[in-house]
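The values are calculated or read from the model by the stated rules, or taken from the named source; none is laboratory data. Values in this document were obtained by computation on a predicted structure and should not be read as measured data. Here the Cβ is made from the backbone with ideal geometry for all residues, glycine too, and neighbour counts use every protein chain on show.
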């Protein structure tokens, strides 16, 4: 009999921002499972900023009412709800975390049951913002995945804390993306903890993709950052590099809710780009950047295991990163920096490297998603 998993994530299935959740759901299908992937709901508040490609992808999925992908083996859906929990001040209440689904139109629990996932072999909670699934469906076992240190995000409140602690207490297995998160989950009383770091779709970043049109107008080498451009990205560090190397283009790809008022002319914000085009943006760059703000977001960053590290390396790029313990323990080829001057020096050195791409790609290939997820599938097959 085919096994089924209900996978609760944050990013919608068709989002241009691809994260570990997408890779995990894909690998479940490749392992022969049927998957329901339910993302975070949209609410009337989301329509206040309707222009982003991320929101448009979520809206299209919501209006479709549930769609099939991956040969029909994956059903994906974005609910609509009058209100949904978040870290915003007036949406942090424990009641909303547990009851938002009752405000969904149509009722999300009913939609999941109609899609054939009211009873599953595995409930995979990849988000602490939908705890009601622990009671709304029947499941044999539950996995909670901690990709980030949730308490490190601004606005983490009583509702999020109660939801997270409840999920950890009820989970049969907690998988974590970093060693720090593994220690934390054990300290909170999780019954079984598995360290499962992020990986990479290696083949996606090899080959010879065409040069992005935006790059054609840029003269000089390109240092690229890909990801959510939020408080944990040290824009002062980017600016310092840009001023020290005015002949280098510093390209930032990803959503940016609050772009800086003024940056050097060689800093370029491209916004969100489709993930299936990302290989081109990396393969035609010269350096990959991870410029995280260690002083401002130390607790959050301490628990990050960056997926972008492997994507950069798979594309053959040298990587220059801020330094924290999780990265130090990986033994990766990335150059780790503890100060602005070190970061600037490292970018300069990386631009002068030659013939190192095969070494970087060998390291990235060892972190392929099938390799990373093998222990989880071994555990899941025991039921």
_Please return the ranges of helices (runs of 4 or more DSSP H) entirely within the stretch 1-101 where 3 or more residues are touching a strand residue (DSSP E or B) at 6+ places or on another chain (Cβ under 9 Å) and closer than 28 Å to residue 257 by Cα._
20-30, 53-64
*Say whether the condition of being assigned by TED's automatic domain parsing to the domain that holds residue 139, at pLDDT 95 or above, under 22 Å from residue 272 (Cα atoms) and buried (at least 21 other Cβ atoms within 10 Å of the Cβ) is met by at least one residue in the stretch 78-95.*
yes
*Before we move on, is residue 143 surrounded by 14 or more Cβ atoms within 10 Å (Cβ to Cβ) and in contact with a strand residue (DSSP E or B) (Cβ under 9 Å, 6 or more places away or on another chain)?*
yes
*Do we find a residue being surrounded by fewer than 17 Cβ atoms within 10 Å (Cβ to Cβ), closer than 20 Å to residue 23 by Cα and without any contact (Cβ under 8 Å) to a residue 60 or more places away in the chain anywhere in the stretch 50-68?*
yes
*Are any residues in the stretch 360-383 free of Cβ contacts under 8 Å to residues at least 60 places away in the same chain and in a helix (DSSP H, G or I), and if so, which ones?*
360, 362, 363, 374, 378
